[in-house]
Amino acid sequence: MIKLYIIRPLLVFSVFLCSLEMAHSQNDSLAKRSVSAMKTYAPKPVAPFRDTLFYMEAGIGTFTPQERAESITEKIRKVSKQENFHTDSLTIFEEGGLFYIAFRDVIILTITEADARLKGKTQPALALDYEKIIRNAIIEHNKSSGWLSILLRVLSVLFIIGAQYFLIRIINNLFHKISNWVAQLEGEKIKSIKIKSYKLMDEKKATNAILFLTRMLRYIIILLTLYLSIPMALSVFPATRGLAAILFGYLWDPFKSMFSSVIEFVPDLIAIIVIIFVFRYLIRGLRFMAEEIHKKRLTIKGFYPDWARPTFHIIRTLLYAFMFVVIWPYLPFSDKPVFQGVSVFIGVIFTLGSTSVIGNMVSGLVLTYMRPFKIGDRIKIGDLVGNVVEKTPLVTRIRTPKNEEVTIPNSSIMSAQTYNYSESARTYGLILHTTVGIGYDVPWRKIHDLLFEVGNRTPNLLENPKPFILQTALDDFYANYQLNVYVADADKTAQIYSDLHQNIQDVFNEAGIELLSPQYHAHRDGSQSTLPDSYLPPDYQTPAFRVKVEK
């Protein structure tokens, strides 16, 4: 029973507190809804002397906040013109639930309960605040309109003008000394400007350029000080303070906007730096791996060393493109329509003007991975034979045996047949061949022996595989014998062919066999042999014609 007597009052008290809390919450919500309902108009400023004193947010009856603000502004101006205005001239009184601020019989401002709720104050407190604001504004305005204040303002303007005059003289004298000092440095500190071997400016022109920049800097500083002095002079008088603020804003607002933009850009700048840092070291790692593969220190099955650098360049380009895409949203003005339009225009121009370029680049990429030739290889493209001296994404350059450097677009190489003599010579030996036609009066075995002797005498041939001979044709009057030899250096084919032909002449001349493809249309009787004299017997005589006389 004792416990019940104790618990029951506690329960009743708890229910009472909960009821009070709910009632207070309902009153707060009702007050908030009523304040929100009253805020049907935008706040209107009360500014009788240019500066805003306060804002009117609620209307009274049919009077809107705009009409109330205009009426209060006009009444404050009229009161300020009264000669007998004192600090205690304004009064506050209450009537019918409304508080009034008046000057004698002129009611300046009416404060309603709605005004107090919108400001979060009571009516008496808000009336005191407004009365103090109005009184101080009128006193300050009257002080600024006195003859002594006007005289001080005029003196201030004269002081600004005088200070500007002396400041310009100081700037001119300072830059005059700087110009003389720069002129004395000609030839000592100021040297000619060169880009490698090209002289862009001599000492005189470089000095004149620095003096010109100095003069431009002087003019900019003078114009800047003049521009700043004008708002300072205009701000002295209340009537022109608004114009002074506008002129000063023309200069200050861009710097303010620029500074705020820089501050806002700092987080994005940090993100850009981090992205660049990550991609930079990723590309460094790929470059190291590519160099290791190219130098054959690292071997990957199925991946050739000469693929390393081109593959690295391709991956690097893709990574840079991806990095740009990642960075793009962090760049300032990237979401602006003008910036996007310019980027689209550049992309269209690049696409329309680079069709053949893209074709050559794709062909160069395909050639890289097809590996039809390498730098230094002796190749044949169409009718052109030469050594590859340079491979670029767009073109391939070939130097012919006559030292003619020919540039071929990669797309043309893709559409033509390519012969790689060097690859064949390195792998299993390049076969060179030459053909001679000898009459049937000479045994073919002897000709084979002589051609094998030619192979033995010719330098720069491979001993294994050995040369071989093919009889390619049996014509009406002679047989064709083809000598085939193996070489390991395709760059020496011209010299080897020359040596082969020289040795064929020597060997056959030594054997007394004429290098003729006889047609038998004329008799050989009575004709000098085509063999050189050094190969003819010492007692050789030109044969006479054999004439048979029939009786």
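Values quoted throughout were computed directly from the atomic coordinates according to the rules given, and no laboratory measurement underlies them. Just so it is clear, the model here is predicted, and its values are computed rather than measured. For neighbour counting, all protein chains shown are included, and Cβ atoms are generated from backbone atoms with ideal geometry for every residue, glycine included.
Summary of values
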read-out: FRET efficiency, 1/(1 + (r/R0)^6) with R0 56 Å, evaluated for residue 403 and residue 255 via beta carbons; value: 0.30
read-out: Full-extension gain in nm, residue 449 to residue 93, via 0.36 nm per residue minus C-alpha separation; value: 113.9 nm
read-out: Residue 516 long-range amide H proximity, modeled H, under 5 Å; value: 439
read-out: Three-way shape label, the stretch 358-423, alpha-carbon gyration tensor, a/c 1.5; value: prolate
read-out: Residue 371 paired with residue 67, simple spin-label distance in nm, labels 7 Å along Cα-to-beta-carbon; value: 9.3 nm
read-out: 5 angstrom amide H check on residue 389, placed H, neighbours 5+ away; value: 376, 397, 398, 399
read-out: Distance from the stretch 281-324 to the stretch 167-211 (C-alpha centre basis), Å; value: 48 Å
read-out: Computed FRET value (nearest 0.05) for residue 50 with residue 169, which takes r as the C-beta separation and R₀ as 25 Å; value: 0.10
read-out: Where labels lie 7 Å past Cα in the beta-carbon direction, separation of residue 197 and residue 156 in nm; value: 6.9 nm
read-out: Table column - 3J(HN,Hα) (Hz), the stretch 413-427, Karplus curve with 6.51, -1.76, 1.60, x for Gly and Pro; value: 5, 5, 8, 10, 7, 10, 10, 10, 6, 5, 5, 5, 5, 6, 7
read-out: Cα gyration tensor shape for the stretch 469-551, rounded if a/c is under 1.5, else prolate or oblate; value: oblate
read-out: Gain upon complete extension [residue 288, residue 177; 0.36 nm per residue less C-alpha separation]; value: 34.4 nm
read-out: Ranked packing of 173-180, 63-70, most packed first, by mean Cβ within 10 Å; value: 63-70, 173-180
read-out: Förster-model FRET efficiency, 45 Å R0, residue 533 and residue 389, C-beta, rounded to 0.05; value: 0.45
read-out: Trypsin sites (Lys or Arg not before Pro) restricted to DSSP loop in the stretch 190-235 with at most 11 other C-beta within 10 Å; value: 196
read-out: Placed amide H near residue 54: partners under 5 Å, 5+ positions off or other chain; value: 46
read-out: Net charge dipole size for the stretch 85-243 [Lys, Arg +1 and Asp, Glu -1 on Cβ; Debye, nearest 20]; value: 1580 debye
read-out: Loop sites in the stretch 400-453: GluC sites (Glu not before Pro), DSSP, at most 15 other Cβ within 10 Å; value: 404
read-out: Alpha-carbon Rg/Rh ratio, for the stretch 99-190, with Rh computed the Kirkwood way; value: 1.52
